[in-house]
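Asker: Got a structure here, written out as structure tokens. Questions coming.
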Amino acid sequence: MDPQKALSVRLPPGRTVSSEDGTPLLWLSDDPAPFGLWSRLLAEHPRSGLWPLLLDGLRSEPDRPWESRELYPEWISSPSDHDPEALLARWWKEHACGEEADPGADRLSVTAPYGASWPGRAPAAQVEEDPGESAAECAEILVENGVGSRLGLVPAASGAEAVAASGWAGPLNYDNDTAVFAAVVSDWERRFGARVLGMGFGTLTLSIAAPPADTEAALRVAAEHFAFCPDNIWQNTSPGRLEVYAEQLVGCPVWRFWWD
């Protein structure tokens, strides 16, 4: 893989990352992404077909998963094979109820006011800001104030497609076919102007051009987040309740997910 041939932007030193069978998956920079480069590469995506990503490793083992042979394209189907609504509804039932036929009050309080009932997807937002401009702004803030993310380039038609094409397996403890998560991200690209900014060992970061504007809208979006990544509520929200998590989403231009 030689991404430089498809780009007018000069890339820093880097290397191709391949699967176990030698299939090229992505290009990875040797050093942290310089300020401004992600945005320029996003602007070239329509011509180059290369989606830029900010890639992080584990804090204690920064080479994982990008240089540790922990990318698994053979596990991953196509995002277009999956129905986002059906996925979210199934995940909601699994996470809200578990294996209990009659979940107790403590468990259902996490997903109040919905309890065990999947409320359906949130209505599509009116996307007024250009999603690409929003993504570029958010990405450069992350580069300037982040932890030294490296730059990745994946041949893909969109950020959601890049999540699957890279072989990334961040949500492995929930499903080893990352395409199911990419299918939901693709749906968010359409409904909220989401764009994929980057991934870590078990994290996914998106920019959002049309975040929920009030608590009512945020609660519906929070329900989708709980279905998609329950650890955001169970482990990263205090107290771990949907209503508390929803407050954080009002007007927030970045969604970050972490799977244990």
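Asker: From the mean inverse distance of alpha carbon pairs (Kirkwood) and the Cα radius of gyration, derive Rg over Rh for the range 29-156. Spell out each step's value before the answer.
Answerer: Values: Rg = 19.7 Å, Rh = 18.5 Å.
Result for the range 29-156 is an Rg/Rh of 1.07.
Asker: Once label points are set 7 Å from the Cα along Cα→Cβ at both Lys93 and Ser109, what is their separation, rounded to one decimal in nm?
Answerer: 2.7
Asker: What does the charge dipole of the chain about its Cα centre add up to, to the nearest 20 debye, if the Cβ of each Lys and Arg holds +1 and the Cβ of each Asp and Glu holds -1?
Answerer: Details: 19 positive and 39 negative charges, 92 e Å.
In total the dipole reaches around 440 debye.
Asker: Angle, helix 84-97 long axis vs. longest principal axis of the chain, Cα atoms, 0 to 90°, nearest 10?
Answerer: Roughly 50 degrees between the two axes.
Asker: Still on this structure, I have one more. Suppose a student asked you for the relative contact order of the chain, using Cα pairs under 8 Å spaced at least 6 residues apart; what percent would you report?
Answerer: Values: 493 pairs, mean separation 63.4, N = 260.
Taking the mean separation of contacting Cα pairs over the length of the chain, I get 24 percent.
Asker: Let me ask you something else. Taking only DSSP H segments of four or more residues, each worth -39500 (n - 2.57), what value at 222 nm results for the chain once the sum is divided by all its residues, to the nearest 500 deg cm²/dmol? Before the final figure, lay out the partial values.
Answerer: Numbers: 9 runs with 94 residues, N = 260.
Roughly -11000 deg cm²/dmol at 222 nm, from the helical runs in the chain.
Asker: Sticking with this structure for a sec: Tell me the Kirkwood hydrodynamic radius of the chain in angstroms, computed as one over the mean inverse distance between distinct C-alpha pairs. Don't skip to the answer; put the middle values down first.
Answerer: Numbers: mean 1/r = 0.0534 Å⁻¹.
After inverting the mean inverse Cα-Cα distance, the result is 18.7 Å.
Asker: Output the peptides 209-220, 112-123, 166-177 sorted from most to least packed, where packing is the average of other Cβ atoms within 10 Å over each peptide's residues.
Answerer: Working: 209-220: 17.4, 112-123: 15.2, 166-177: 19.9.
So the peptides 209-220, 112-123, 166-177, ranked by packing, come out 166-177, 209-220, 112-123.
Asker: For the range 1-60, what log10 I(q)/I(0) values come out of the Debye formula at q = 0.27, 0.30 1/Å, with one point per alpha carbon and no solvent?
Answerer: Ignoring solvent entirely, the Cα scatterers give -1.32, -1.47.
Asker: What is the distance, in nm, between label points placed 7 Å from the Cα along the Cα-to-Cβ direction at Arg10 and at Glu74?
Answerer: 4.1
Readers should treat all values here as calculations from the given coordinates under stated rules, not as data from a laboratory. It should be emphasised that the depicted structure is a prediction, and the values quoted were computed from it without experimental measurement. Cβ: placed from backbone, ideal geometry, glycine included. Neighbour counts: every protein chain shown.
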